[in-house]
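Read the figures in this text as sums done on the coordinates, not as results from a lab. What you are looking at is a predicted structure, and each value in this text was computed from that prediction instead of being measured. Positions of Cβ are backbone-derived with ideal geometry, glycine not excepted, and every protein chain shown enters the neighbour counts.
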Amino acid sequence: MAGTATAYPATGKGTNCLICNTTNLAGAVLCSECSAPMALVHDSLAQDREPQIVSVIGESNVGKTVYLGFLLDMLSQRAGEFEAIPKGAYSIDLQQSVIAHMARRSFPPKTPMEANRWYWAYYQVRQPEISNKWADLVMPDMAGESLAAEVASPETFRVIRGLLSQSAGLLLLVDAGRAANCAADPDFFGLKMLSYIDALHGPGRDARVSTPTAVVLCKSDYCPECFDNPREFVSANMNRLWNLCQSRFDNVEFFACSVVGSLAYATSPDLEYVIPVPLHTALRGVLEPFEWVLSQL
Ligand SMILES: Nc1nc2c(ncn2[C@@H]2O[C@H](COP(=O)(O)OP(=O)(O)OP(=O)(O)O)[C@@H](O)[C@H]2O)c(=O)[nH]1
Ligand SMILES: [Mg+2]
Ligand SMILES: [Zn+2]
């Protein structure tokens with residue numbers, strides 16, 4: 001977690017934040033302006049390579065934390081012939097939390113809105129089979145409600161604006177289960193998110209957004225037909241989002257993903273709602289969108 005990032009000894013010189021460029025006192029753990037961990041800066045200086053930000057975005061409850069946790073864990077287990085090295089112990093906290101929860105047959109908790117409580121991962125990644133070039137990736141686990149607040153009222157969350165304007169790659173997660181049930185909100189949220197990103201790249205500009213953007217249909221276990229043709233699913237069930245992708249985004253690809261094999265539902269006399277219980281993990285389509293984004297960087 002950001003709050004557990006290493007404190008660095010004061011050297012008398014300030015350090016510029018990687019995300020918002022504010023100068024912070026040497027020794028600061030979090031940026032005073034945007035709450036990004038200052039360890040990112042120190043780790044990237046040690047690396048001597050420009051880090052690239054890959055952002056996982058989407059509305060609250062879409063599955064960002066679960067997705068990112070499993071993705072990082074797959075990378076560190078060398079899935080897809082990836083070699084991945086976490087830079088700093090703080091980079092491991094998210095995957096550890098997700099794996100620990102799922103092992104206890106529960107989903108991880110909702111991400112808090114406050115940026116100083118988010119998990120950040122800084123990973124060095126390469127696929128030696130394809131290229132020996134390393135990519136240094138910064139991947140924060142943002143809260144859906146904070147993203148919604150920033151999109152509704154830009155500049156509310158400077159850290160989000162900083163992250164999205166600098167992102168080299170985007171993974172937009174959308175809830176396929178709800179879209180398949182004719183809910184319009186996943187379509188509207190995706191539309192808002194991408195129009196925010198379009199505007200960030202320069203309002204009124206004619207050029208289209210070139211940032212590689214993977215649209216990931218989460219919870220596709222609810223509608224397995226997504227795996228056959230995610231592109232067709234988005235064009236049929238999330239037509240507003242599809243149209244914006246076609247007219248403003250130059251480099252978009254569509255994917256389906258699911259992390260659970262089977263779910264049970266539980267409640268208790270003192271609860272007014274039902275909780276989904278993941279009976280077993282079955283990862284499908286987690287690596288593919290990431291692999292595609294990486295190949296486009
Ligand atoms: N069926 C199914 N449910 C899933 C899957 N992934 C996530 N979920 C459900 O979605 C819920 C939310 O997942 P999170 O990863 O916490 O969602 P989030 O996008 O991080 O939400 P915020 O932290 O509020 O932004 C989980 O508690 C599960 O109930 C999946 O692959 N299949
Ligand atoms: Mg979350
Ligand atoms: Zn900052």
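Does N116 meet the test of being of a type in the set (S, T, N, Q) and farther than 21 Å from C20 by Cα? Outline the logic, then answer.
Working: of a type in the set (S, T, N, Q): yes; farther than 21 Å from C20 by Cα: no.
No, not satisfied.
If the Cβ limit is 7 Å and pairs must be 6+ apart or interchain, which residue in segment 110-134 that is under 17 Å from S167 (Cβ atoms) pairs with which residue that is more than 11 Å from ligand 2 (Cβ to nearest atom) and among the basic types (K, R)?
Y122/K87; Y123/K87
Is it fair to say Y123 is under 17 Å from the mean Cα position of the chain (by Cα) and either more than 25 Å from M38 (Cβ to Cβ) or within 16 Å of ligand 2 (Cβ to nearest atom) (or both)? Explain how you work it out, then say what you get.
Numbers: under 17 Å from the mean Cα position of the chain (by Cα): yes; either more than 25 Å from M38 (Cβ to Cβ) or within 16 Å of ligand 2 (Cβ to nearest atom) (or both): no.
No, not satisfied.
Do you know which of the residues in segment 219-251 that are part of a helix (DSSP H, G or I) and among the basic types (K, R) is farthest from E150 (Cα to Cα)?
If we filter segment 219-251 for residues that are part of a helix (DSSP H, G or I), which is where we start, we get 220-222, 225-228, 230-237, 239-248.
Adding the requirement that they be among the basic types (K, R) leaves 231, 240, 248.
Numbers: R231: 28, R240: 21, R248: 21 Å.
Checked segment 219-251; the qualifying residue farthest from E150 (Cα to Cα) is R231.
Looking only at segment 192-221, which residues are more than 16 Å from ligand 1 (Cβ to nearest atom) and crowded, with 20+ Cβ neighbours inside 10 Å?
Scanning segment 192-221 gives L194, I197, V209, T211, P212, T213.
Within the set of pairs 6+ apart or on separate chains, which have a first residue in segment 60-83 that is under 19 Å from S106 (Cβ atoms), a second that is of a type outside the set (D, E, K, R) and within 16 Å of ligand 3 (Cβ to nearest atom), and C-beta atoms under 8 Å apart?
Pairs that qualify, where the first residue is under 19 Å from S106 (Cβ atoms) and the partner is of a type outside the set (D, E, K, R) and within 16 Å of ligand 3 (Cβ to nearest atom), are K64/M142.
With the condition kept exactly as written, say whether any residue in segment 27-35 is closer than 19 Å to G285 by Cα and either of a type in the set (S, T, N, Q) or within 16 Å of ligand 1 (Cβ to nearest atom) (or both).
Quick first cut of segment 27-35, residues closer than 19 Å to G285 by Cα only: none.
No, the conditions are met nowhere in segment 27-35.
Checking E83 against (1) surrounded by 22 or more Cβ atoms within 10 Å (Cβ to Cβ); (2) touching a strand residue (DSSP E or B) at 6+ places or on another chain (Cβ under 6 Å), which single condition isn't satisfied?
Every condition holds for E83 apart from (1).
Here are some conditions: (1) more than 27 Å from S220 (Cα to Cα); (2) surrounded by 18 or more Cβ atoms within 10 Å (Cβ to Cβ). D93 meets all but one. Which one does it not meet?
Among (1) more than 27 Å from S220 (Cα to Cα); (2) surrounded by 18 or more Cβ atoms within 10 Å (Cβ to Cβ), the lone unmet condition for D93 is (1).
When you scan segment 49-68, do you find a residue that is more than 30 Å from K13 (Cα to Cα), buried (at least 20 other Cβ atoms within 10 Å of the Cβ) and of a type in the set (K, R), even just one?
yes
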